[in-house]
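The structure appears below as structure tokens.
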Amino acid sequence: MRPSAKPLGYIILCEESPRMTYKISKKRREFIESHFFEWSFGKPDDYVPSKKDFLELSHSAELHYLAYIYNWDDDAIVLRWILESPLCSRATANLLFWRSLPSYFEDSDFDDESTCPEYCEAGFSLVKMVLEKYKRNAFSDIDIAFDPKGETETLRNDNPTWKVPPGVYDKLDGINIDVEE
């Protein structure tokens, strides 16, 4: 990196908070938003974002930011890339678990996709991926702060056909994420 070049993101210590904050630079925010936010809007039906561009995301905080702003009216392909990435933190997986509306799948058998309502197939696939990440404990080593309050929903079934990982309810400590405007 040239000495005058601004980093893609950086860690800062804030006097107001004892936690570290990962600051996503304006340039990086613009890259994420221009390539992955509402990517299908105004594009041909066969348009898909570039996996090569996705692989340029280089920090768990960038994936978490992308998951946080993602418009679920777009196809879930980018969300699957996030969950498949070794940069995916537990906080990001938890966020995607709750935004996938898992209560829709309480009566679904994860070994039989035909048990999932057709209109929920993308969310079903994502919940399955999160459950698999929990089984393998396959999260990045970077801890991101995440409070599921406001994201969770009440699971209505006392005996779902699959086990909800207890970790999805946890308030997680870690770095905060801040984005330059």
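The values are calculated or read from the model by the stated rules, or taken from the named source; none is laboratory data. On a predicted model such as this, the values are computed, not experimentally measured, just so you know. We place every Cβ from the backbone using ideal geometry, glycine too, and count neighbours over all the protein chains shown.
List the residue pairs whose Cβ atoms are under 9 Å apart, where the first residue sits in the stretch 30-51 and is charged (D, E, K, R), the second is part of a helix (DSSP H, G or I), and the two are 6 or more positions apart or on different chains.
E33/L66; E33/I69; K51/I77; K51/W81
Is it the case that some residue within the stretch 122-129 is more than 20 Å from K51 (Cβ to Cβ), at pLDDT 95 or above and in a helix (DSSP H, G or I)?
no
Check whether at least one residue in the stretch 74-89 is buried (at least 20 other Cβ atoms within 10 Å of the Cβ), free of Cβ contacts under 8 Å to residues at least 24 places away in the same chain and either over 16 Å from V130 (Cβ atoms) or not polar (S, T, N, Q) (or both), and report yes or no.
Yes: the stretch 74-89 contains one or more residues that are buried (at least 20 other Cβ atoms within 10 Å of the Cβ), free of Cβ contacts under 8 Å to residues at least 24 places away in the same chain and either over 16 Å from V130 (Cβ atoms) or not polar (S, T, N, Q) (or both).
Here are V179, V168: which of them is buried (at least 17 other Cβ atoms within 10 Å of the Cβ) and more than 27 Å from W39 (Cα to Cα)?
V168
What about K26, is it closer than 26 Å to W72 by Cβ and at pLDDT below 90?
no
Restricting attention to helices (runs of 4 or more DSSP H) lying wholly within the stretch 21-98, give those where 1 or more residues are more than 15 Å from the chain's Cα centre (by Cα) and on the phi > 0 side of the Ramachandran plot.
none
Answer yes if at least one residue in the stretch 54-64 is among the polar types (S, T, N, Q) and surrounded by fewer than 20 Cβ atoms within 10 Å (Cβ to Cβ), and no otherwise.
Yes, the stretch 54-64 has at least one match.
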